[in-house]
1. Take the residue pairs K22/K45; K47/K71; K45/K83; K22/K57; K47/K83 and return only those whose Cα atoms are more than 30 Å apart.
2. Provide the gained length on full extension for the span L49 to L85, in nm with one decimal, where the gain is 0.36 nm per separating residue minus the Cα-Cα distance.
3. Using the 10 angstrom Cβ neighbour count as an exposure proxy, how do H36, H44, H65 rank, fewest first?
Amino acid sequence: MREGTRQGVLQSVPRRSVIKLKINVTPNFTTMVTGHGNIESYLHKYKILDNPMCSCKSGEQTVDHILFDCKLLEQERDSLKAKILRTENCPVSKNKCNKI
Ligand SMILES: [Zn+2]
């Protein structure tokens, strides 16, 4: 398991029932958790698109790319990290969050 991957982060989160998170399960949320949905790499895998590349041109648009690497989402990623670091009972440790 690689540090800074979607699976690595999800495996470090205690069971949702234990931490009692209220999660609004939207199609985008489901795509981010499962990797199945409206992302270029998934659509390319099923031959719906010719190219799996992200519009930022720095890699394939996978869930991990969107969450950790996409240059077009840096501002949103930084905003989310700042919000997580201000939360007292965050399910992901602040140390782990800073490594992302
Ligand atoms: Zn990108």
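Every number in this text was worked out from the coordinates using simple rules, so none of it is lab data. The structure displayed is predicted, hence computed values, not measured ones. Note: ideal-geometry Cβ built from the backbone for every residue, glycine included; neighbour counts use all protein chains shown.
1. The pairs that break the limit, which is 30 Å between Cα atoms, are K22/K45; K45/K83; K22/K57; K47/K83.
2. Roughly 9.2 nm would be gained on extension.
3. In order of increasing Cβ crowding within 10 Å: H36, H44, H65.
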